[in-house]
Structure formats: structure tokens, C-alpha cells
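Only one structure is covered here, and it is reproduced in the block below.
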Amino acid sequence: MNVLWLVNTALPEASQLMHEKTSPFGGWFASASLRLAEREGIRLSISFPHNGLKKDVRLLRGTNVDYYAFPPVTRKDSQQNAVIKYLRSLLDAVKPDIVHVFGTEFAHTLAMVNACNEQNIKTVISIQGLVSVIAQHYLTGLPTTVQNRFTARDFIRQDNLRQQQRKFVNRGLLEIEALRKVKHVIGRTTWDKACTSQINPEAQYHFCNETLRDEFYQHKWDIGKIEKQSIFISQGYYPIKGLHYMLEAMPLILMRYPNAKLYVSGPNPLRSDYLLDRVKLDSYGKYIKQILRRFDIANNVIFTGILDEQQMCKRYLKSNLFVSPSMVENESNSLSEAKIMGVPCVASYVGGVAGRIEHGQDGFYYQHDAPYMLAHYACEIFGNDELALHFSSRAREKGMLRHDAEANLKTLLNIYNQICNQ
């Protein structure tokens, strides 16, 4: 079977072939693609947009995978003949039996779907997030003044929080059109099944769990090696990830555990060593800065910077607790990574995350806009090592089953065969 993937960024091997720095994002693609490419009877090619290209497709030959870099596609030209022309040339070169598109929100997804439909090539879209739905939750919990204001950075880029939400809405229009033009969708949660079936009731939904990055299968959380009363959240750079509510929970946690620490992966909004740091601060970063100062908790919150796979893994394993405080998620890969290593978890009951924890058995849920309940559950785990160990054991056991790489690959191949035989 000749399989073509469309992904949103260059995988590590492709970056190395282009002599470029590898991205810390999308590592799970590399793990899953290598397993698929090694399967007998499978020829895998992977395509992705690349800013360094203007009009031609570039072929990069990897060890077991051929990579095709193509020029970025904008919203305006997603259906233009010039774009379809070079995607058509890519399809002519690969001659795929099936094109598997990962993600829905970018213009190249719609352009590829259009090109495939033109040539009657079987196509399936895997749901990651759904920006058309996420847009509805983008500003949850933010004061109106924060939603509408402009920092210097926001004014220069014309990109304040309201405008960011509008961009999600606009990208969502592309997403909706792409989903309405395919006959097959791959998902993994009740949330993505509900949302995609409402967008395209005629599309056939296929269930397949996700394989995580290799590093996270290799380690197990050890309560004897953690920093006690430490919390880790993996993202906090834009509103739907819920950092503002996590920070509102911190004063309540600190009342019981004054030495508690929160580690946040990403840039530090408090950094102001240079004028450029202050100019680059967006409205959400400014709001986070205000919350830190209002509650006087800056000394208890550490921004780690962007972490690569190994650094992220170490931070999980050092933490007493992982929190997923998002306003909406399909499935939080970060939550899955924490669970598969056995890190005790607390998560907001939103989107597809609602099916990923058994409350009181392998973690805790809380209402997403109730930081006082987040604080309560965090303190429950801090104060009860037996409970933490119970959560750890159950979460790891269930995570290893859900994210079993071989089982997930078998399911994916069955989906491919089913689609190709229709």
C-alpha cells in the first residue's frame, strides 16, 4: 500500500536532511511514522509545508520515508489552480493509494483535499483539535477589558485577543469546508466524533488511539524522586490552556502548602530585562503578569522556557502533580504523557478529556471555571501519598493499554484497508 501523510511541520529526519534545526513539536509523528514505514507492504511518504520554498516541491529521501516539502498555502490560495498544480505534481510523484491528513485548521489541508478529490484519491482526515469549535471557548474566563485591549505588540501585529479569536473563526471556515469534502475521519474521543458528525453527518468515523512520543514509554514516576508539592502544566501561552485559572488556584493551594511550586512550560511573561521583552508582551501575557502580582505568587511560579522531549519528560517525573487546566481540548497529549508515566493528574472536565480519567480512580476532574476545586484536588494529592501512588499505578496501566503502539498501528492499517477497499 502506498500511503501519503500530510502533516503541519517537518519531522526530525526531514529537518536533518534540510540541515535545519529540528522542532520540539510533533515528535509523536516521528514515532508513529517510523513504525508504519517499517511495516511490510507499506511505502510511506510524508508531505509538509515549508517556508523556504516558493513554488516547487522538494523531495528529501530518508532512510525508510520519502519527504515532500511544498510552499506554504494561504487562505486566499487554498483553492487556486497554481496551488492545486504543485500539489497535483506531488500526488503524481507519490501515486498514493490513500492520503492521510493530520489536522484540519490550515489552508493546505483544504488544498490537499481539493487536489485529491480532483484525482479521485482516497482521503482521510485525523482530528487533532477543531478550531471552529475551539474558537467558541477562546476567551473563557477573561475580563472584557483584557479581551479588548492592545499591548504594543498587539497593536503592531493587529493581533489582540479578540482578533486572535477571529483568526480561529476564519481558519475554522477552512476546516469546515475540508471536513465536508471528505468521506472518512479518524478520531479518538466522543468530543471529536460529536463535532465532526455535526459538521459532516455523511463522513464515516473511524476510531484509533494515538501513539505517543517514544521517550514517555521508557520512564516511570517514582514518588521518592519528586519535588514535593510541585505542579507542572505543559502549556500556558494562549488562553484556552487555562493558565489564568491555574494561577487563581495557587493562593488557595499556598494557604495549605506554602512551599508549593508551579512549573509552566513556555516563555516567562515577567521577563523585562530588555525593551524588546516588554514590546513583545501580548495581552494574555500581560494578564498573567497582573495575576502573578495581584496574588504575590511570582516566587512560586517558574516558567521553564520551551522544553524538548527529554526535558519535558524530566519535568513530568520531577513533579508531584500534573494539571491540565484547559478550557477545551480534544485529547490532551500532555495529559496522556503524564498518565503513561504514572504522574498523578488533575484535569478540567472539558471536550475529549472527559473520557480520559476515571474520577477518583486514576485522577481527579474539576469544573474548568472552578479554580477552588482545582486547588482542593491538588491539596488532596499533596497530602496523601497513598492516593498519589494509587492514581499513578492505575493511570500508567490504562495509559499503556490506550497508547499501545503496536495495537494502534494495527488499527490504523485496518482503517486504511477498509477505506481503500470501499
(request) Give me the number: length gained by fully extending GLN158 to ASN414, i.e. 0.36 nm times residue separation minus the C-alpha to C-alpha distance, one decimal in nm. (result) 87.5 nm
(request) Show which lysines lie in cross-link reach of LYS85 when reach means a straight Cα distance below 25 angstrom and same-chain residues fewer than eight apart are skipped. (result) LYS54, LYS55, LYS76, LYS95, LYS122, LYS181, LYS183
(request) Would you order THR123, THR151 from fewest to most other beta-carbon atoms within 10 Å of each residue's own beta-carbon? (result) THR151, THR123
(message) Using only the alpha-carbon atoms, how far is helix 27-37 inclined from the longest principal axis of the chain? Give it as 0 to 90 degrees, nearest 10.
(response) 40
(message) Using a 10 Å cut-off around each Cβ, can you sort GLU105, GLU331, GLU386 from fewest to most neighbouring Cβ atoms?
(response) GLU386, GLU105, GLU331
(request) Could you state the angle between the C-alpha long axis of helix 190-199 and the longest principal axis of the C-alpha atoms of the chain, as a value from 0 to 90 degrees rounded to the nearest 10? (result) 50
(request) Using +1 at the Cβ of each Lys and Arg and -1 at the Cβ of each Asp and Glu in the chain, identify which of TYR205, GLY41, TRP5 lies farthest towards the dipole's positive end. (result) TRP5
(message) Just to confirm the filter: which GluC sites (Glu not before Pro) across segment 173-231 are DSSP coil and have at most 12 other Cβ within 10 angstrom of their Cβ?
(response) GLU202
(message) Compute the angle between helix 405-420 and the longest alpha-carbon principal axis of the chain, please, reported from 0 to 90 degrees and rounded to the nearest 10.
(response) 40
(message) Treating only the Cβ of Lys, Arg, Asp and Glu as charged (+1, +1, -1, -1), what charge dipole size does segment 58-160 show about its Cα centre? Round to the nearest 20 debye.
(response) 200
(message) For Cα Rg over 2.2 N^0.38 Å, one of (1) 0.96; (2) 1.04; (3) 1.00 was computed from the structure I shared and the rest are decoys. Which label?
(response) (3)
(message) For a quick check: sort ILE291, ILE340, ILE176, ILE156 by the number of other beta carbons within 10 angstrom, fewest at the front.
(response) ILE156, ILE176, ILE291, ILE340
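Throughout, read-outs are computed from the coordinates displayed, never taken from laboratory work. The model shown is predicted, which means the values in this text are computed figures rather than measured ones. Glycine gets a Cβ as well: all are built from the backbone with ideal geometry, and neighbour counts include every protein chain shown.
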